[in-house]
2 protein chains.
Amino acid sequence: MADPRAEAERLATNAVDVLPEGALAEQLELARPLRVKLGIDPTTPDIHLGHTVVLSKLREFQDAGHVVVLIIGDFTARVGDPSGRTAERPVLSDEEISANAATYQEQAFKVLDRDRTEVRFNSEWLEMGSGELLGLLSRATVARLLERDIFERRIEADEPISALELIYPLLQGYDSVAIDADVELGGTDQKFNLLFGRDIQTAYGKPPQSIITMPLLIGTDGAQKMSKSLGNYVGVTDVPEEMFGRLMSIPDDLMPDYFRLLLSADVPDAEPNQAKRELGRRVVERFHDRAAAEAAEEHFDRLHVRHELPEEIEEATVAANGPVHLPALLAELFGLSRSEARRLIEQGGVRIDDRVVDGGELDLPLDGLDGAVVQVGKRRHKRLRVER
Amino acid sequence: MADPRAEAERLATNAVDVLPEGALAEQLELARPLRVKLGIDPTTPDIHLGHTVVLSKLREFQDAGHVVVLIIGDFTARVGDPSGRTAERPVLSDEEISANAATYQEQAFKVLDRDRTEVRFNSEWLEMGSGELLGLLSRATVARLLERDIFERRIEADEPISALELIYPLLQGYDSVAIDADVELGGTDQKFNLLFGRDIQTAYGKPPQSIITMPLLIGTDGAQKMSKSLGNYVGVTDVPEEMFGRLMSIPDDLMPDYFRLLLSADVPDAEPNQAKRELGRRVVERFHDRAAAEAAEEHFDRLHVRHELPEEIEEATVAANGPVHLPALLAELFGLSRSEARRLIEQGGVRIDDRVVDGGELDLPLDGLDGAVVQVGKRRHKRLRVER
């Protein structure tokens, strides 16, 4: 067993806040596996590299012998916010929640150790009677709840906050009571909620958790935090070529963060392009394997250095008897929505046999389409087979 | 059937707010019995004349063929506010709530018509699942809830508001949903809650109630609203002598309000003292009968005009072998707390055989006590019988 203080310092690597000061070292002195909580919101199934910053820190705890309690917020997701005044939490059906939760776990276990992870759904304890829930509400003051920064911004902007949204942190805090959390992790944007959990644990007579916040990874655009809705993300289930290509597109000044937060490494002493290739290879290797990483780099070179078509282009068969409506075709081939397809065409991001498609020609004559290569963006290709 | 507009105007007599404008007349046009709600808080069992202002208005609705739905807030009283930071709602045991509710009803039926009253306990619908309750919370914004005037005052004074207190109006509003209230009545201090009920009904797809607020009756001190805790009240179950005496003690300038709100009458054209006697007689007659009113006035004259002892003084037997501790004796004889008794003695409000008791002599020698008249305040007497 390492010295608790040294161990706490090691586990604090890369963290932004480790609070209260000294608490983690005291907990490590207990010399028992700590229960380390991560609450996740099953409103989106997919994990991107941004999520793996916290997951990797959890894995460090697991490797040191601690237990991760992964809480799927199925109850809170199901309640949602029916007022429709905010998109913060859409209401999901039970099926969507289960499906998202399953996908999320599958992806999370690319980082976490399955054997040291306890998965819990918060409906287990939050499906209580209204009297008990009101008892929970009595444990917090409105002033404290309104300190949450997103609320302060919304109050300033005169945007409504529903009573339900106000009390969400109470539900999340009660999760910590229910599972006896010793430590809770989250992004820096979760700091309020994590600290609030301490208050609720104390109100229920439990020892309060310590909290660790991790930096938010900036997305591939170099501007905003990585997020699916902003399109600046790299998904952990992206195919190797996609993953490598997206990582090659990040601004150079993001490299120190990416090396540090995703690989616990420093930027290698090399040309930026070479360093970025190493980042790409190592991340692809982590989520796929070494061969996949090499193939992805080769694919990248073929397209972007030698400007050739990829080695293997998937074929897609479409049935048609007359002109083909391009947005519908793109929707079918690449799983886009028609409006996304139309936008890509307008932006000049669609090619047929390497010729950029003009926004005016949405209905393509059937002749010449059989065997043509349809390309979307830089890295997605399909070869058309037309069945009449 | 009266003209709905004339009828609405008649029912609005003495009201402060009848909102929204014209709504009550429209409801009366439906030509069906309206469901008129009064929510009461079973934290105190006793009704005083202040409560009867609203109850009398409800009775007018009953006499016009409408139905009163009396909601006993047993659920909300049971939840209370365990934070202990506010005395606004003490937590009551189930037994206390049932006992208070029973006493309250018994007293309310001195004014209301039992046959046109539906009594409901709000635990019937508020004991819901936590999911349903959170759905209710999603129907209101925090900004709207914080508009409540008592909150504005507490925010200014930097006094904490618990999340539970914040959402109380939602629970009260849901009562209106559950019982399909057409009209809700309350004191002017309830205006926010009554209007809030409209929002919640609308959010649940129900037609919103109209609301009527009645003035708050000023207490016998002429300064603050009548309230048990301020001691400036006349209880509807007070004995006739007490009721008459307390009414005779009000400042003259309260007479118009008392005549108008308690008797729907104008102050008679007479000397103030004569007018006040009429007020006393009529109120006593209402809650007791004519003979009791006459006896109460005669009792008042004997004590305060002719300064004689009351005709009949109740005897009280106490067992004692040595000196008698006066605060304990007063507690036993008059149902006071010992600290109330001590305060009354200090203020010179206690007499034994018409001699004011000095605050220094709290232990009375037994000799001479047998047969003595113990008097508290102006109107309470007991004749002691000492059993050795």
- Kindly give the distances from B:D3 to its copy-mates, label point to label point, with each label point 7 Å from Cα along Cα→Cβ, as nm values to one decimal ordered shortest first. 9.5
- Task: May I ask you to give the average projected area over all directions of the convex hull of the Cα atoms of region B:131-231, in nm² rounded to one decimal?
- Result: 7.7
- Query: Angle between the Cα long axis of helix B:49-63 and the longest principal axis of chain B, 0 to 90 degrees, nearest 10?
  - Reply: 50
- Message: Quick query: amide H of A:M214 versus all other amide H atoms, modeled in the peptide plane; which residues come in under 5 Å with a sequence gap of 5 or more or a different chain?
- Response: A:V16, A:G186, A:G187, A:T188
- Round to the nearest 0.05 the FRET efficiency obtained for B:S249 and B:L146 when R0 = 51 Å and r is the Cβ-Cβ distance. 0.80
- Note on the structure: Helix B:191-203: inclination vs chain B longest Cα principal axis, degrees, rounded to 10, gives 30
- Starting from the Cα coordinates of the protein assembly as shown, work out the convex hull volume and express it per residue in Å³. 241
- Message: What FRET efficiency comes out for A:D353 versus A:A178 if R0 is 56 angstrom and r is the Cβ-Cβ distance? Round to the nearest 0.05.
- Response: 0.40
- Message: Report, to one decimal in Å, the Kirkwood hydrodynamic radius for region A:312-388 based on all distinct Cα pairs.
- Response: 12.2
- Query: Share of Cα-Cα pairs in chain A beyond 28 Å, in percent?
  - Reply: 55
- So what is the diffusion coefficient of region B:179-239 in µm² per second by Stokes-Einstein at 37 °C and 0.692 mPa s, using a Kirkwood Rh over Cα pairs? 244
- Note on the structure: What the 5 Å binned alpha carbon P(r) of region A:221-268 shows, as percent of pairs per bin from 0, is 4, 20, 27, 31, 16, 2, 0
- Item | Those residues of region A:359-375 whose amide nitrogen sits under 18 Å from the label point placed on A:V239, 7 Å along Cα→Cβ | A:371-375
- Calculate I(q)/I(0) for region A:112-175 by the Debye formula, one identical point scatterer on each C-alpha and no solvent, and give its log10 at q = 0.15 Å⁻¹ to two decimals. -0.62
- Message: Looking at region B:249-388, I'd like the Rg to Rh ratio, where Rg is from alpha-carbon atoms and Rh is Kirkwood's inverse mean 1/r.
- Response: 1.08
- Note on the structure: Here the percent of antiparallel bridges among DSSP beta bridges lying wholly in the protein assembly as shown, to the nearest 5, is 45
- Considering only Cα-Cα distances, which of the following residue pairs are longer than 26 Å: B:K191/B:K276; A:K57/A:K378; B:K225/B:K378; B:K37/B:K276; A:K191/A:K276; B:K110/B:K206? B:K191/B:K276; A:K57/A:K378; B:K37/B:K276; A:K191/A:K276; B:K110/B:K206
- Query: Which value results when the Cα radius of gyration for region B:12-162 is divided by 2.2 N^0.38 Å?
  - Reply: 1.20
- What is the gain in length, in nm to one decimal, between A:D158 and A:K228 on full extension, counting 0.36 nm per residue of separation less the C-alpha to C-alpha distance? 22.5 nm
- Task: Quote the FRET efficiency, to the nearest 0.05, computed for B:R302 versus B:Q274 with a Förster distance R0 of 25 Å and r equal to the Cβ-Cβ distance.
- Result: 0.85
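Any read-out appearing in this document is the output of simple, stated calculations on the displayed coordinates, not a laboratory observation. Note that this is a predicted model, so its numbers are computed, not measured. All Cβ positions, even for glycine, are placed from backbone atoms using ideal geometry, and neighbour counts span all protein chains on display.
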